[in-house]
């Protein structure tokens, strides 16, 4: 049982937590202000002569406040994510803000570029899906020597062609689990 706990402790935090940490503080502050502003509009500015409509005003205030706050957080996330992917920040923030109904954000998530990583050997920027560096041919992730599809370092056989991966002679840093 203690071995299982040790294995669970070694598992890194999910990437979803890292994604949420990307939301900038200005976006969080704007979200809180928009939520409070919606409450002020629905409870302070709008006339409320009929007290029986109080539950409706409460519901509408919270719903619109949550919608505006969520949109502010989304725009903040997009503003950080575009820089991480090497895209034009101004263009995508403008698209997210000006296109109605969140269409700009939907278009962004459909068209965004893959995350770039640096080659550990020559520091060239390359797509995270590459298995070899285009500049120095450094192998950054394991591949099958027969069909050249990417494999996991824990795989014993290639999932595409069934080749025995132990015979490939991969670099020692990529054979961490084969021994």
- residue 128 fails exactly one of (1) within 17 Å of the chain's Cα centre (by Cα); (2) buried (at least 18 other Cβ atoms within 10 Å of the Cβ); (3) over 30 Å from residue 32 (Cα atoms), namely (2)
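Based on this model, can you work out whether residue 147 counts as surrounded by 12 or more Cβ atoms within 10 Å (Cβ to Cβ), touching a helix residue (DSSP H, G or I) at 6+ places or on another chain (Cβ under 6 Å) and free of Cβ contacts under 8 Å to residues at least 40 places away in the same chain? Give the steps one after another, and end with the answer.
On the way: surrounded by 12 or more Cβ atoms within 10 Å (Cβ to Cβ): yes; touching a helix residue (DSSP H, G or I) at 6+ places or on another chain (Cβ under 6 Å): no; free of Cβ contacts under 8 Å to residues at least 40 places away in the same chain: yes.
So residue 147 does not fit the description; no.
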- Task: Among the residues of region 70-107, count how many are in contact (Cβ under 8 Å) with a residue 60 or more places away in the chain and either more than 15 Å from residue 21 (Cα to Cα) or in contact with a helix residue (DSSP H, G or I) (Cβ under 6 Å, 6 or more places away or on another chain) (or both).
- Result: 0
- Query: With respect to the numbered conditions (1) surrounded by 12 or more Cβ atoms within 10 Å (Cβ to Cβ); (2) in contact with a helix residue (DSSP H, G or I) (Cβ under 8 Å, 6 or more places away or on another chain); (3) at pLDDT 75 or above, which one is the sole condition not fulfilled by residue 156?
  - Reply: (1)
- residue 163 over 30 Å from residue 80 (Cβ atoms) and either at pLDDT 80 or above or touching a strand residue (DSSP E or B) at 6+ places or on another chain (Cβ under 7 Å) (or both): yes
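Across region 1-25, what is the number of residues that are surrounded by 12 or more Cβ atoms within 10 Å (Cβ to Cβ) and at pLDDT 80 or above? Break it down stepwise before answering.
From region 1-25, those surrounded by 12 or more Cβ atoms within 10 Å (Cβ to Cβ) are 19, 22-24; that's our starting set.
Next, from what is left, pick out any that are at pLDDT 80 or above: 22-24.
Residues that pass the stated criteria total 3.
The values are calculated or read from the model by the stated rules, or taken from the named source; none is laboratory data. Owing to the predicted nature of the structure, the values given are computational and were not obtained by experimental measurement. Glycine gets a Cβ as well: all are built from the backbone with ideal geometry, and neighbour counts include every protein chain shown.
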